[in-house]
Structures are given as structure tokens and as C-alpha cells.
Amino acid sequence: MIELLNKYNIELFNNKKIIKDTTLSNSFGCCCKKIILDDQKIYVIKFTLEKKIKYPALFYEAKSIEFMYKKFPDLFPRIYFKNKNIIILEYIKNNGKKNDDYEKELALKISQIHKVNNEKFGFNFDTPIGGLRQISDFNHSWVEFYGNNRLGMIFNEINKTEPMPKEINIGIEKILKNLKNLIPNHPTPSLIHGDLWEGNILYNDGKLVALIDPGIHFAHNEMEISYLKWFKFISNSFYDYYSEFIKIDKNFFNYSEIYELYYSLLNVHLWSREYIKDTAKLVKKFN
């Protein structure tokens, strides 16, 4: 590990020794480690395991975190170093312990992010999710942005490699063609974390201490809530807490599965074909 750090002549580690390193994750061609130096300082290091990089996901992950850190320094880690092969982040102590009312704090913090608005949907660079490139070209139309750059994108990615059963594909094609009648046409473009699942929400002794690994862009804020719903991370109480800050549309539960479909397809493509069963249930509702 120290050889890797010395390769990039990172001043932070000059004349330092690593006394312990712990692998936190190893996925999507990227390894994430927690390291402790001989001066007892702790950092998180993420580095690519791939020799040829088509899309420098780590670099844009770091840029995303830097953007969020400037706006929410109490919620995102600091970036100390970044390039296309390696990023060095602040380590934020976490033990996964939540209080009983954790959803109330989560609703507050997420709503603060969602209150950052923009004129268009998208972002000024393509942001990663699970190492996958999310095309984020700005668009005034939410239906076009979501249909082309999110739902249509991941649907096409799956079909390039290993298509799903025909009836599911036909159902998704129908949803894409009818999208303007299924989701709100003119929501406010809101900043979202973009990959808000349990593993990216860090708690320590009952307090929400950090959000990590964002796939940020300006979107319909309820897309984020739909992911939390799909992942079964929130109860019905969360919607009431969140609505104290930003009102949830009265028709949310009629269309939330359209947004959940994007995340279900991501899991089919990135994690396991087992998620095809979940995808089939979501598609069936709209066909």
C-alpha cells in the first residue's frame, strides 16, 4: 500500500508508515481501505484495480464529494487527493448504531440537500453510480432526462450484455414510450445524492455522521425517496417527517415504482440477475 501512495508522491504520507490497513469494500474494479498511520491519523483510500479505465469513476466520485463537501461540510468527507486511479478521503468514525428516531434526522438532512435547486436537470459532469457512468447532460425536460439518461440508459446497458426475459423488456419499452403520462412532467430540478442506500448512510452512536459515494445530479427529489422506499430503509413515518420540509406529491405512491425501476435495473446490471424478479413486479404494475 505504501508503495502505491509513494508512486503518486502524496505529501500527506511522506515519511509515514502504515501500521494497519483494513479492506472496507472491493467491488466494481475498485478497492476501498481504511488505513492507520504511525502518527495515529486515519484515512480512507480508494483505488482502481483495473489497468485500462474507460471512465474514471473514482475521479468523478471525488469531484462529486468535493461539490457536496463545499455545501454540506458536516455531512460529506473531505477529499485530500484525487486522480483517475486513487482518491484519499477523510475517515469519519461510524459504528452503524441508529436511534429509534433516525428517520427524522435523515429526512431533515436529505431535505436540505434537495432544497438546492437548479434551472435544468442533470449536472455539469457525468457522475458515477457503482462505477457506471451516468450521462448527465443538462435538459429542461424531466421526462426526457429520466427517460434517456437514467431508465433508458440502464435498460440499454443490460440489453447490450444479457437481455432480460422478453415480457419484461416489452413492458419496459411500453413504460418508456408512455413516460410522460406516468411521472410528473415539471418537477423542480433538485440536487440529490443519487445513490442513497443503507451502505452509504453512516451512523455513529445514534447520530447521522456522513453520506458517502454520491452519484449527484439535479433530478426530481422524489426519485431519491423512491430509492429509500425500494430499499425498505424507511417506514411510513419518514414521509411525514420529510413533508415537514418539502411536501411529497399526493400521487407519489402512484408513480414511485417508475423511479424504483431504475435502481432495480442497476442492481440487475451491477449486482445480481436475482433482481429481475423485483424488476418484473415493478413492470407488471404499469402493464
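Within segment 261-287, residues that are within 21 Å of Cys30 (Cβ to Cβ) have Cβ atoms under 6 Å from residues that are modelled with pLDDT under 95 and outside any helix (DSSP H, G or I) in these pairs: Leu270/Gly130, counting only partners at least 6 apart in sequence or on another chain. Please identify the pairs in which a residue from segment 34-57 that is touching a residue at least 24 places away in the same chain (Cβ under 8 Å) and under 17 Å from Leu132 (Cα atoms) has its Cβ atom under 7 Å from the Cβ atom of a residue that is open to solvent by 30 Å² or more (accessible area, probe 1.4 Å) and assigned to a strand (DSSP E or B), counting only partners at least 6 apart or on another chain. Taking only residues 6 or more apart or on different chains, the pairs are Tyr55/Arg133.
Can you tell me which residue among Tyr60, Tyr69, Tyr43, Tyr8 is over 27 Å from His217 (Cβ atoms) and modelled with pLDDT of 85 or more? Full working, then the answer.
Working: Tyr60 fails: over 27 Å from His217 (Cβ atoms); Tyr69 fails: over 27 Å from His217 (Cβ atoms); Tyr8 fails: modelled with pLDDT of 85 or more.
After ruling out the rest, the residue left standing is Tyr43.
For Lys46, the conditions (1) part of a helix (DSSP H, G or I); (2) open to solvent by less than 60 Å² (accessible area, probe 1.4 Å); (3) of a type in the set (Lys, Arg) are fulfilled apart from (1).
The one condition from (1) over 19 Å from Ser141 (Cα atoms); (2) of a type in the set (A, V, I, L, M, F, W, C); (3) open to solvent by 40 Å² or more (accessible area, probe 1.4 Å) that Leu176 does not meet is (1). Please determine whether any residue of segment 89-112 is of a type in the set (A, V, I, L, M), in contact with a Lys or Arg (Cβ under 8 Å, 6 or more places away or on another chain), within 30 Å of Tyr43 (Cα to Cα) and not in a loop (DSSP other than H, G, I, E, B). Checked against the condition, which is being of a type in the set (A, V, I, L, M), in contact with a Lys or Arg (Cβ under 8 Å, 6 or more places away or on another chain), within 30 Å of Tyr43 (Cα to Cα) and not in a loop (DSSP other than H, G, I, E, B), segment 89-112 yields at least one hit.
Can you say whether Ile212 is among the β-branched types (Val, Ile, Thr) and more than 19 Å from Leu282 (Cα to Cα), as far as the supplied structure shows? Spelling it out, Ile212 is indeed among the β-branched types (Val, Ile, Thr) and more than 19 Å from Leu282 (Cα to Cα).
Contact map, segment 82-107: first residue closer than 19 Å to Trp197 by Cβ and open to solvent by 50 Å² or more (accessible area, probe 1.4 Å), second residue among the polar types (S, T, N, Q) and outside any helix (DSSP H, G or I), Cβ cut-off under 6 Å, separation 6 or more or different chains; pairs are Asn94/Asn204; Asn95/Asn204. Scanning segment 200-220 for residues that are touching a residue at least 60 places away in the same chain (Cβ under 8 Å) and either surrounded by fewer than 17 Cβ atoms within 10 Å (Cβ to Cβ) or over 20 Å from Gln134 (Cα atoms) (or both) yields Ile201, Leu202, Tyr203, Asn204, Asp205, Gly206, Lys207, Leu208, Val209, Ala210. Reported count of residues in segment 147-164, each being over 19 Å from Phe121 (Cβ atoms) and aromatic (Phe, Trp, Tyr), is 0. Just one of the numbered conditions (1) under 30 Å from Asn236 (Cβ atoms); (2) surrounded by fewer than 18 Cβ atoms within 10 Å (Cβ to Cβ) is not true of Lys20: (1).
Taking segment 124-156, which residues are open to solvent by 50 Å² or more (accessible area, probe 1.4 Å) and in a helix (DSSP H, G or I)?
Quick first cut of segment 124-156, residues open to solvent by 50 Å² or more (accessible area, probe 1.4 Å) only: 124, 133, 135, 137-138, 140, 144, 148, 156.
Within segment 124-156, Glu144, Asn148, Asn156 meet the criteria.
Checking Phe59 against (1) under 18 Å from the mean Cα position of the chain (by Cα); (2) open to solvent by 70 Å² or more (accessible area, probe 1.4 Å); (3) on the phi < 0 side of the Ramachandran plot, which single condition isn't satisfied? Every condition holds for Phe59 apart from (2). For segment 157-168, the set of residues classified as surrounded by 15 or more Cβ atoms within 10 Å (Cβ to Cβ) and in a helix (DSSP H, G or I) consists of Glu157, Ile158, Ile168, listed by residue number. Quick check, is Lys247 farther than 23 Å from Gly29 by Cα, open to solvent by less than 60 Å² (accessible area, probe 1.4 Å), of a type in the set (Lys, Arg) and free of Cβ contacts under 8 Å to residues at least 60 places away in the same chain? No: the conditions fail for Lys247. Of the residues examined, Gly194 is not one that is touching a residue at least 40 places away in the same chain (Cβ under 8 Å), closer than 30 Å to Ile88 by Cβ and surrounded by fewer than 17 Cβ atoms within 10 Å (Cβ to Cβ).
The values are calculated or read from the model by the stated rules, or taken from the named source; none is laboratory data. What you see is a predicted model; the values in this text were computed from it and never measured. Counting neighbours? That spans all protein chains shown, and the Cβs are built from the backbone with ideal geometry, glycine included. Areas reflect the complete protein model, heavy atoms only, side chains present, ligands, DNA and RNA absent. Shrake-Rupley method; radii C 1.70, N 1.55, O 1.52, S 1.80 Å.
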